[in-house]
Structures are given as structure tokens and as C-alpha cells.
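I have placed the structure first, in the form of C-alpha cells, so that the comments after it can refer back to it.
Read the figures in this text as sums done on the coordinates, not as results from a lab. For clarity, every value in this text was computed on a predicted model and none was experimentally measured. Cβ placement follows ideal geometry from the backbone for every residue including glycine, while neighbour counts extend to all protein chains displayed.
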Amino acid sequence: MRQETERTLARQWALLRCMPPWPRKATVGDLMAALEDRKISVTRRTVERDLQALSQQFPLAVDDKGKPYGWCWAKGANQEFTPRLTTSQSVALLLARVHLRTLLPRVMLKELIPLFDSAEQEVAATGWKHWHRETAVIPSSLALLPPTIGRGVMECVQEALARGCCLSGRYRSKGSTAAKELTVHPLGLIVRGPVHYLVATLYDYADVRQLALHRLSHTEVLATPRKKPPRFDFQKYAAEAAKYNSQGLIRLVAHFDQAAAEHLRETPLSPDQTIKALDDGSRLEVEATVENDETLRWWLLGFGDMVEVRQPRSLRKELRDHAEGMWKAYTDAKEARHPDERS
């Protein structure tokens with residue numbers, strides 16, 4: 001009897017926590033799904049009985065003008081049961097709303113709206129009320145527009161990850177015009193610039209892949225539990241993926257113009273970086289242990305003729321060949337000259 005009472009109390013408490021604030025409303029089906037996310041499986045009739053019982057003790061409102069009925073806290077009532085936020089918590093929430101929007105599941109963003117409102121009220125009379133509007137994170141490279149993700153795809157991916165379930169859908173590989181049916185075992189989400197990637201395995205294969213969400217469509221969350229590769233650590237995988245086609249560590253030696261290298265005194269390439277002036281006084285020699293990946297190449301090429309790689313020789317040759325290719329593209333005699341370059 002005691003165990004049954006404790007289960008009922010835990011279920012009804014969870015149901016109150018799932019209740020949206022006015023004017024948003026949740027149907028019985030919505031509340032059942034929210035309880036399911038909390039590992040509480042109940043019948044529709046049980047939820048209906050709980051709602052009737054709880055509405056006698058708590059300020060709940062029901063919209064019975066049309067079916068299905070919508071339930072919510074009465075206007076302003078849910079704040080009575082919400083602990084007051086501190087100023088620090090409020091500032092952190094408002095910053096999260098601005099900077100973590102692409103990573104927060106959309107269903108959670110909707111649930112967080114009352115907390116965001118509370119946070120704004122909490123800081124309204126303090127010197128921190130504009131902090132989230134007076135701070136910004138800006139990209140250090142060219143900012144591209146994000147690709148369009150199909151309707152419902154993000155929600156399906158987030159739900160499959162949260163529930164640890166498989167996902168079905170159609171995926172179009174880069175450069176292809178045809179999409180293939182896939183069964184996906186989701187492992188995590190990576191955001192690289194404007195693009196979201198689902199880290200996953202496919203079917204019964206063990207190799208880990210990255211699927212661009214904007215090339216995924218017709219998704220559906222399956223009841224089948226996902227299979228996670230043995231000893232797979234998502235954070236370690238993400239750290240390696242950030243290196244972008246790395247060939248390992250190298251000792252970079254490069255000659256920079258004074259102005260181009262000045263920022264490296266304040267933001268070094270590595271803990272073991274050294275900078276020394278060359279004999280001619282016009283350039284600086286920078287040495288550092290760095291990851292030999294595509295990011296390094298893009299960074300070096302961005303300086304144009306203000307940097308010359310000296311070591312390793314293989315990287316020097318690669319960039320020299322790249323520069324010769326660019327020179328050929330801009331000076332090819334077979335190509336008609338641009339109108340602005342004609343005399």
C-alpha cells in the first residue's frame with residue numbers, strides 16, 4: 001500500500017512539473033509523452049484521473065471549448081511553485097537563450113519560456129538587465145548562412161538522442177541528387193560553423209559517420225534501441241573531429257610580417273610557441289607545435305604573402321604548389337581578361 005502511494009505521489013508530482021504555464025496548453029496525449037520522457041508509463045485514463053484530482057488542490061485550468069482538452073497552470077499560478085532565480089542564474093539563462101539556441105532542443109526551448117520570463121523580471125531592476133544584449137560571440141572566419149534543415153528533422157533527431165532510439169530517414173550524400181533510405185543509430189550532435197551533423201552508425205555497421213542534418217529528410221523515431229559501439233566516447237570523438245583531417249602534430253616554422261604576427265604574442269598557437277626577430281628586422285620567425293590539419297592550411301593561406309612556411313618541407317611544398325595554382329588561375333593566357341583589366 002505504501003509503495004503504491006509513493007508511486008502515485010511521484011507520478012502526480014511529475015505531472016505537475018510537466019504542466020505548461022498559461023496561455024500554453026497541453027493535451028492528455030502531450031502530458032503522457034512528457035511523462036514517458038521521465039520513464040513513467042501510464043494509461044490515458046490514469047492521467048485523466050490524476051488531472052481531475054490535482055485540479056482540486058492546485059490552480060490548474062482546462063480549456064474544454066474543443067477537443068482534445070488543453071491543460072495548463074492558471075494565469076500566474078505556476079510561479080508560486082517555482083523557486084526564485086538568483087541574479088547569476090538569471091544572467092546565465094538569458095545568455096543561454098542567445099548563444100545556445102542551436103543546441104537546445106526545441107521542445108525544451110518552449111518549456112524554458114517561463115524561466116526566461118522570470119529571468120528577465122529578476123534582472124530588470126539590476127545593472128545586469130542588458131548583459132545578454134551587450135555581449136556577443138563573433139566568428140573569426142567568414143560567416144556562412146546556415147543551410148535549411150527539413151521540417152521536423154531536428155525534432156526527430158533530438159528525440160531519438162534523448163530516448164536512445166534508432167531513427168529512420170532518407171539521406172542524400174554530398175554531391176548526389178538521390179536520397180537513400182537509412183536506419184540510423186544516433187550518438188550525438190556536432191555543430192561546425194553553420195552546419196549541424198548527426199554522429200551515428202548505420203544499420204549494423206560499427207564505423208561512425210557524420211550526417212549533415214540539412215541532407216536528411218523523412219525522419220521517424222523508431223522504438224528500436226540504438227546500438228552504441230563498444231568504448232565509444234562522444235566527447236573524445238568530437239575533440240578528434242574538431243581537428244578536421246589531421247595528420248598528427250608537426251613543428252611549424254614560419255616567417256611572418258611584423259604586423260601579421262603581432263596577435264600571436266597575445267594569442268599563441270601553442271604553449272611551446274617561440275617568436276624571434278630575423279636579421280633583416282622586417283619579419284619574425286614563429287615556431288610552434290600545431291595540429292597538421294585543414295584548419296592550419298586555411299589559416300596560413302589567409303595571410304597571403306605575409307607568411308612563408310619554412311618547416312616542415314612537405315607543408316612548404318604543398319602551399320607553394322597551391323600558390324602556383326592560384327597564380328596560374330589568375331594569369332592563364334587562354335582565359336579572356338576581365339573587362340576591368342583591359343586597357
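Express the relative contact order of segment 219-326 as a whole percentage, based on alpha carbon pairs under 8 Å and six or more residues apart in sequence. Dividing the mean separation by the residue count of segment 219-326 yields 32 percent. Once backbone amide H atoms are built at 1.01 Å from N, L189 has V199 as its partners under 5 Å, excluding neighbours fewer than 5 places away on the same chain.
Rounded to the nearest 10 degrees, the inclination of helix 44-54 to the longest alpha-carbon principal axis of the chain is 70 degrees.
A simple count of charges around C165, restricted to other residues whose Cβ falls under 9 Å of its Cβ and scoring Lys, Arg +1 and Asp, Glu -1, yields +1. Taking a straight Cα-Cα cut-off under 24 Å and skipping sequence neighbours fewer than 8 places away in the same chain, the lysines within cross-link reach of K227 are K39, K180, K236.
With R₀ set to 56 Å, the beta-carbon distance separating L301 from I113 gives a calculated FRET efficiency near 0.80. Distance between the 7 Å Cα→Cβ label points at Q210 and T331: 3.6 nm.
For segment 52-71 versus segment 149-219, the spacing of their alpha-carbon centroids is 38 Å. Gain on full extension, evaluated as 0.36 nm per residue between I138 and F58 minus their Cα-Cα distance, stands at 24.2 nm. Full extension of the chain between E266 and T289 gives 6.6 nm of extra length, using 0.36 nm per residue less the Cα-Cα distance. Summary value for segment 155-241: 31 percent relative contact order, contacts being C-alpha pairs under 8 angstrom separated by 6+ residues.
Taking Cβ atoms as reference points and 11 Å as the exclusive limit, the residues near H214 contribute a net charge of +3, counting Lys and Arg as +1 and Asp and Glu as -1.
So which lysines can K328 reach, going by Cα to Cα under 26 Å and dropping same-chain residues fewer than 8 places off? Straight-distance partners of K328: K317. Cross-link reach is defined here as a Cα-Cα straight distance under 22 Å, omitting same-chain residues fewer than 8 places apart; for K65 the lysines meeting it are K25, K75. Using 1/(1 + (r/R0)^6) with R0 = 30 angstrom and r between the beta carbons of E4 and A223, what's the FRET efficiency to the nearest 0.05? It comes out at approximately 0.60.
Extension gain for H130 to R45 (0.36 nm times residue separation, less C-alpha to C-alpha distance): 25.9 nm. Backbone amide hydrogens, once placed in the peptide plane, bring R226 within less than 5 Å of C165, C166, excluding anything fewer than 5 places away on its chain.
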